[in-house]
Amino acid sequence: MKKITIPDIVKMKAEGRKIPVLTAYNYAIAKVLDNAGIPLIMVGDSCGMVEAGRENTLTVTMDEMVYHTRSVARGRDYAVVVSDMPFASYQTSVVEARRNAARLVKEGGAEAVKVEGGKRSLRAIKAIIDMDIPVMGHIGLTPQSIHAMGGYRVQGKASEDADRLVDDARELEKAGVFSMVLEGMPQTLAKDITAALSIPTIGIGAGPHCDGQVLVSNDMLGLESPMKLPKYVKRYMDLKNIISSAVVEYVIDVEAGRFPSKEQSY
Ligand code: KIV
């Protein structure tokens, strides 16, 4: 398969092709997603929760994001890799935003970065795009704003909040983001935003009308997470119990002296 590029992702909207996106945090899962034909792999700061068991994403560091991004990039031949700018890596100054975005590309091998927030993040977003690093926006329920939002709450239910989000989406598109995550908002609002933009929207908890969909792979595969499984997740398998059965079988084999057998011995 020919390597996908950022312009290919943008074109998919014009061609009416839906964009399936999943997260990955390591080489092995990135390889599986890439071989299965996922066009965009997202190295989310959700790694702090689903890989490290933390209660939210706020403590994820740049060094951790670089590590996970590099591991994922080594497993990708086909997909575009987009890496998250973690909390406080782009809000403190434009210089910091540029330096940290460059680290994800230079040290991590990402082809684009994702930045949470609408108008309040515009200065950082523009500065990163000015370096020719493509940026994916992220509006609606932005997990890095958990304390300001008072929890993981659906955004844009009131009409003035919905108007603000439409405005944010337009401003981000004007600033040059190549696509935008719409998280945790009513499906009608996501539909309106998707129709108003020429760049692709990638939904998560935003209904079926977005140009693409993203899920945290650990959630859709059925692995443990410190967070209660959100309503929008569809579980495609029960990996936790599949792994658990294999581990129990291994324990029984070792205890019974059945492993290793002649076949596994030199
Ligand atoms: O951190 C993450 O994984 C994300 C996506 C699920 C949108 O931001």
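The values are calculated or read from the model by the stated rules, or taken from the named source; none is laboratory data. Worth saying up front: this structure is predicted, and the values here are computed from it rather than measured. Glycine gets a Cβ as well: all are built from the backbone with ideal geometry, and neighbour counts include every protein chain shown. Heavy atoms of the whole protein, side chains included, go into the accessibility calculation; ligands, DNA and RNA do not. Shrake-Rupley method; radii C 1.70, N 1.55, O 1.52, S 1.80 Å.
On the Cα set of the chain, report Rg and Dmax in Å, please.
Every Cα atom of the chain included, Rg and Dmax give 19.6, 71 Å.
Calculate the length of the line joining the C-alpha centroid of the range 6-32 to that of the range 204-222, in whole Å.
Cα centres, the range 6-32 to the range 204-222: 12 Å.
To the nearest 20 debye, what charge dipole does the chain have about its Cα centre, counting +1 at the Cβ of each Lys and Arg and -1 at the Cβ of each Asp and Glu?
The dipole magnitude comes to about 400 debye.
What part of the accessible area of the range 55-106, given as a whole %, is carbon or sulfur when the probe is 1.4 angstrom?
Result for the range 55-106: 51 percent of the exposed heavy-atom area is carbon or sulfur.
For the chain, what is the mean residue ellipticity at 222 nm derived from helices alone (per DSSP H run of n ≥ 4: -39500 (n - 2.57); sum divided by total residues; nearest 500 deg cm²/dmol)?
Mean residue ellipticity, 222 nm, calculated: -12000 deg cm²/dmol.
Calculate the spin-label point distance for K240 paired with L58, positioning each point 7 Å from the Cα along the beta-carbon direction, and give it in nanometres.
Placing both labels 7 Å along Cα→Cβ, they lie 2.5 nm apart.
Rounded to the nearest 0.05, what FRET efficiency do K157 and E255 give with R0 = 51 Å and r taken as the Cβ-Cβ distance? Could you check?
The calculated FRET efficiency here is 0.40.
Of P39, P134, P230, which is the most mobile in a GNM of the chain whose springs link Cα atoms less than 10 angstrom apart?
P230
State, as an integer percentage, the relative contact order of the range 134-266 based on alpha-carbon contacts under 8 Å between residues 6 or more apart.
Relative contact order for the range 134-266 comes out at 17 percent.
So, counting K/R as plus one and D/E as minus one, what does the shell of residues with Cβ under 15 Å around T92 add up to?
+3
How much area per residue is accessible in the range 9-123 when the probe is 1.4 Å and only protein heavy atoms are counted (Å²)?
On the way: 4760 Å² over 115 residues.
With the other protein chains kept in place, the range 9-123 gives 41 Å² per residue.
Give me the lysines in straight-line cross-link reach of K18: C-alpha distance below 16 Å, same-chain residues under 8 apart excluded.
K191
Enumerate the whole-percent occupancy of each 10 Å bin, from 0 to the last occupied one, for all C-alpha pair distances of the range 150-251.
It works out to 14, 37, 26, 13, 7, 2, in whole percents.
Highest first, please rank the peptides 257-263, 126-132 by the mean number of other Cβ atoms sitting within 10 Å of their residues.
Listed from highest to lowest mean packing, they are 126-132, 257-263.
Please identify, among G16, G184, G205, the residue showing maximal mean-square fluctuation in a Gaussian network model of the chain using a 10 angstrom Cα cutoff.
G16
From the convex hull of the Cα coordinates of the range 25-71, what is the mean projected area in square nanometres?
Hull-based average projected area comes out at 3.2 nm².
For the range 1-152, treating each Cα as an identical point scatterer without solvent, what Debye log10 I(q)/I(0) comes out at q = 0.09, 0.11, 0.19 1/Å?
Scattering profile of the range 1-152, log10 relative to I(0): -0.26, -0.40, -1.20.
Of K126/K228; K31/K126; K31/K114; K3/K119; K13/K234; K3/K126, which ones are farther than 25 Å apart at the Cα? Can you show the working numbers first?
Working: K126/K228 35 Å; K31/K126 32 Å; K31/K114 21 Å; K3/K119 33 Å; K13/K234 23 Å; K3/K126 27 Å.
The answer is K126/K228; K31/K126; K3/K119; K3/K126.
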